[in-house]
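K.L.:
Quick one: the structure is below, and I'll ask about it shortly.
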Amino acid sequence: MPSYKLTYFNGRGRAELTRLIFAAAGAQFEDERVADWPGTAKADAPLGQLPYLTVDGVKVPQSLAFARLVARRFNMTGSDDLEQAKTDAVVDSVSDLQNAYYLKVFKAKEDRDAVVAQFLAEDAVSHLEKVEKIVTLYGTEGYSVGSSLTWSDLHLFDVTSTVMTLNANLLDKYPRIQAVRKTVESNEKVSAYLKSRPETPF
Ligand SMILES: N[C@@H](CCC(=O)N[C@@H](CS)C(=O)NCC(=O)O)C(=O)O
């Protein structure tokens with residue numbers, strides 16, 4: 001059996017997608033949470049950043065690269081190469097929202113309320129409209145692509161959960177996104193993980 005160690009801060013952030021994939025697959029991994037940064041951890045990280053995944057002793061940086069590897073190993077990237085491209089396209093659309101959130105809201109120091117208001121009125125709307133559109137195009141009710149759980153469903157769930165902390169009604173206009181979230185939340189293994197995971201500030 002391959003060994004996996006996920007190294008990140010004590011947060012969901014860019015590591016949570018991979019944790020959700022492991023949870024949905026019912027697979028074991030070591031969840032290393034770095035408390036002292038940079039400490040010695042920065043020098044240990046392949047690109048000087050977190051997260052990274054150590055697979056059988058090999059360190060893989062870039063959260064989407066190793067999430068895709070793990071999802072592929074657990075058959076969660078789609079049933080053929082075209083479906084894989086579709087889950088990639090959904091993941092990228094969701095990541096556009098995630099990156100805008102990190103760049104604007106997470107890093108905001110001054111005028112946070114104004115930054116949040118602008119993000120919700122402009123960035124979030126523009127990205128969520130695209131996610132709703134692509135999920136409608138490629139998925140069936142409750143799935144972002146095809147008709148079974150894929151890593152794009154988990155990414156959509158995770159990132160929208162984070163952005164919803166800014167506005168609980170954020171998804172009112174996006175029924176297909178809501179339906180995917182319901183599927184993820186009602187997955188037995190994922191739901192058990194969500195109940196047991198640590199509460200963290202991000
Ligand atoms: N594209 C990278 C981004 C990694 C990244 O921005 N990591 C941040 C935390 S989320 C980090 O390590 N910041 C600390 C630093 O750069 O010193 C990924 O998806 O893994």
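The values are calculated or read from the model by the stated rules, or taken from the named source; none is laboratory data. Nothing here was measured: the structure is a model prediction, and the numbers come from that model. Note that we place each Cβ from the backbone using ideal geometry, even for glycine, and neighbour counts take in every protein chain shown.
K.L.:
Being part of a helix (DSSP H, G or I) and surrounded by 14 or more Cβ atoms within 10 Å (Cβ to Cβ) is the filter here; which residues of the range 165-197 pass it?
P.N.:
176, 177, 178, 179, 180, 181, 183, 184, 189, 190, 193, 194
K.L.:
Quick check on residue 158: is it part of a helix (DSSP H, G or I), among the charged types (D, E, K, R) and within 16 Å of the chain's Cα centre (by Cα)?
P.N.:
Judged against the criteria, residue 158 is a match.
K.L.:
Residues in the range 120-154 that are at pLDDT 95 or above and not in a helix (DSSP H, G or I): how many?
P.N.:
Restricting attention to the range 120-154, the residues satisfying the condition of being at pLDDT 95 or above are 120-140, 142-154.
Adding the requirement that they be not in a helix (DSSP H, G or I) leaves 139-140, 142-150.
Number of matching residues: 11.
K.L.:
Turning to a different aspect of this structure: Kindly state which helices (runs of 4 or more DSSP H) lie completely within the range 1-113 and contain at least 2 residues that are surrounded by 12 or more Cβ atoms within 10 Å (Cβ to Cβ) and more than 10 Å from the ligand (Cβ to nearest atom).
P.N.:
In the range 1-113, the matching helices (runs of 4 or more DSSP H) lie at 16-25, 63-73, 81-100.
K.L.:
Cβ-Cβ under 6 Å, sequence separation 6+ or interchain: first residue in the range 35-49 and within 22 Å of residue 200 (Cα to Cα), partner of a type in the set (A, V, I, L, M, F, W, C) and surrounded by 10 or more Cβ atoms within 10 Å (Cβ to Cβ). Which pairs?
P.N.:
Final answer for the pair search is 41/34.
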